[in-house]
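Participant: Sharing a structure, written as structure tokens. Questions coming.
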Amino acid sequence: MRLTKPVLLILLSVLFIFPFTSAMAGTSHVVIIDPAHGGTDRGGKLSRNLYEKDITLIVAKALKKNLSKTKNVKIYLTRSTDKKLSISERIKIARRSKADLFVSLHINAGFGKSSSGYEVYFPGFGKTLARKGDSNEILNDMVRNKYLNDSVRFAQIVMKNIEKVFPRQGRGLRNAPVPVLEGLTIPAVVIELGFATNIKDRKKLLSRKIQQSIATALSKSIKEYFSTEG
Ligand SMILES: [Zn+2]
């Protein structure tokens, strides 16, 4: 049979275009950005009328905007308005959207006025341990190791990129039983962007330019994380 031009075109699309587009669709990643606190739960106070809940929301929205044109990454926010949200509601959003990565944004407070800098938390090992007698114990452990490794890998990328915004301000990577992280079985981190109780950190976090730089550093980290996925 002689291939006519239309037939040839159809064949070409089936052979090349279709697998290509489906492969591209397969590489789409869902990331949940969780601006902590909200509504009456204001978090740390940064100025007369700005709280942790406001700054985390500004950064989250800027991050979403930054990545809006990145084809293989879809960003969802746990909240895009000033509303109160429980930990379980935040976890539910992550589960429902089948997220590949969960990033919770906070601002630290306390430990005296001299404490400053950013820190990144990844899930603790405690509560996520598979129950004894669970037939899926081994499988669960393998999955758990994978998402813990990925959480640490993402946390390290974030530390490296945030360092450019807050030079020599890194307080390190921390493994702690953070409630929002313990409820998830996907790579997840909590980022404490600085201290509301430290005058220098406060000044930085209130700056529009720094807020944008943090969003840029995090967008870059997300892209880097998915491009170096093993
Ligand atoms: Zn907080």
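Read-outs throughout are calculated quantities, based only on the coordinates presented, and are distinct from any laboratory measurement. Here the structure is a predicted model, which means the values were calculated and not measured. As a convention, Cβ positions derive from the backbone with ideal geometry for all residues, glycine included, and neighbour counts pool all protein chains shown.
Participant: Helices (runs of 4 or more DSSP H) wholly in region 131-230 with at least 2 residues that are closer than 20 Å to GLY110 by Cβ and either under 15 Å from the mean Cα position of the chain (by Cα) or within 16 Å of the ligand (Cβ to nearest atom) (or both) - which ones?
Facilitator: 179-182, 199-206
Participant: Sticking with this one: Give just the number: which of (1) in contact with a Pro (Cβ under 8 Å, 6 or more places away or on another chain); (2) more than 22 Å from LYS146 (Cα to Cα); (3) away from the ligand (no atom under 14 Å from the Cβ); (4) not β-branched (Val, Ile, Thr) does LEU105 not satisfy?
Facilitator: So LEU105 meets the others, but not (3).
Residue-wise test of (1) surrounded by 15 or more Cβ atoms within 10 Å (Cβ to Cβ); (2) assigned to a helix (DSSP H, G or I).
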{"residue": "ILE55", "(1), (2)": "yes, yes"}
{"residue": "LEU63", "(1), (2)": "yes, yes"}
{"residue": "LYS71", "(1), (2)": "no, no"}
{"residue": "SER80", "(1), (2)": "no, no"}
{"residue": "LYS92", "(1), (2)": "no, yes"}
{"residue": "LYS98", "(1), (2)": "no, no"}
{"residue": "LEU105", "(1), (2)": "yes, no"}
{"residue": "PHE111", "(1), (2)": "no, no"}
{"residue": "SER116", "(1), (2)": "yes, no"}
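Participant: A further question on this structure: Could you grab me the full set of residues in region 167-185 that are under 11 Å from ALA94 (Cβ atoms) and surrounded by fewer than 19 Cβ atoms within 10 Å (Cβ to Cβ)? Break it down into steps so the answer makes sense when it comes.
Facilitator: We begin by selecting, within region 167-185, every residue under 11 Å from ALA94 (Cβ atoms); these are 180-181, 183-185.
The answer is THR185, and nothing else.
Participant: Just checking, how many residues over region 148-163 are without any contact (Cβ under 8 Å) to a residue 60 or more places away in the chain and surrounded by 23 or more Cβ atoms within 10 Å (Cβ to Cβ)?
Facilitator: Summing the residues that are without any contact (Cβ under 8 Å) to a residue 60 or more places away in the chain and surrounded by 23 or more Cβ atoms within 10 Å (Cβ to Cβ) in region 148-163 gives 3.
Participant: Let me ask something else. For region 29-43: of the residues being buried (at least 21 other Cβ atoms within 10 Å of the Cβ) and more than 16 Å from GLN212 (Cα to Cα), which is farthest from the ligand (Cβ to nearest atom)? Talk me through it step by step, then tell me what you get.
Facilitator: The initial filter retains those residues of region 29-43 that are buried (at least 21 other Cβ atoms within 10 Å of the Cβ), namely 31-38.
From the residues that got through so far, the ones that are more than 16 Å from GLN212 (Cα to Cα) too are 31-32, 34, 36-38.
On the way: VAL31: 20, ILE32: 16, ASP34: 11, ALA36: 4, HIS37: 6, GLY38: 10 Å.
Applying the filter and picking the extreme gives VAL31.
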